[in-house]
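Input: a single structure, listed below in structure tokens.
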Amino acid sequence: MRARVGQRVPVVVQSRGRRRTGARVLWVAAEAFVTCGVVVLLLVVHQLWWTNQQALADARREVAVLEREWGVVDDPLPDLGGVSAPPLSPSSGASPSSAASPSSAASGPLPVSGARPSSSPATSSSSSDAFAVLRIPRLGLTVPVAHGVSKRSVLDRGYVGHYPGTAGPGRPGNFALAGHRNTHGEPFRYLNRLAAGDVISVRTRSGTYTYRVDQILPRTAPHDVGVVRPVPRSLVKPSYGYDAPGAYLTLTTCTPEFSSAYRLVVWAKLVG
């Protein structure tokens, strides 16, 4: 068939403008994706590295201030028959963590919740100022102990917190402490490496109290308040704990690492 005279043949013209718009949208989306990735990376670095550096420096300064006020030159632990182990090497000691997913790091460790005041003598202050120095030779750990278990004013500063209402150091009852497992100085990161017989010391203005690790509860629920009672015994796992009054030290932290799903508990008895 022949085309009629004067009939126009349709011509399809490609629009360059649409192509440019699509490319521009993809470019903006890629830039936004990269920017979000950098921001997330910076947040992870801040949480896992910078918070540790700040908290460790703060804790070290506080230990130095306390020992200077007390006139302490050296505070070696007494010889208890070789039950304590040598400190870990710097590479395996309580050092800042180097890797973790952003979501797990953000959860952070929390102390066992719901602790109830006991009739045991307490250290009688609501202040978050440090009043003692905790030493654990097995972990190469030296850290200040402050009143309360507030994250902002105590735990996030790299300190170990003293549960309100529990006994004071060296006193009858249960001297119960909480500390971060990861981030913010992570003083209790390697608490799981303690074993029965390891020595722990608590130095105060009035003297040094020495405890020996006796029992370890690898995992319990966050609401297991029995572990910080004057005579500590797990309400979740009753086979762990004690039946008779004494002078106990309880250390609590989150487990597993980079999670606050459960609590790890270490109990020690006063020996000197």
### Task
With the checklist (1) in a loop (DSSP other than H, G, I, E, B); (2) under 23 Å from GLY272 (Cβ atoms) in hand, flag the one item LEU177 doesn't pass.
(1)
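Just wondering, is there one or more residues in segment 202-223 that are assigned to a loop (DSSP other than H, G, I, E, B) and crowded, with 20+ Cβ neighbours inside 10 Å?
Checked against the condition, which is being assigned to a loop (DSSP other than H, G, I, E, B) and crowded, with 20+ Cβ neighbours inside 10 Å, segment 202-223 yields no hits at all.
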### Message
Being part of a loop (DSSP other than H, G, I, E, B), of a type in the set (A, V, I, L, M, F, W, C), closer than 23 Å to THR142 by Cα and at pLDDT below 95: is that true of PHE258 here?
### Response
yes
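The values are calculated or read from the model by the stated rules, or taken from the named source; none is laboratory data. None of the values given here were measured: they were computed from a predicted structure. All Cβ positions, even for glycine, are placed from backbone atoms using ideal geometry, and neighbour counts span all protein chains on display.
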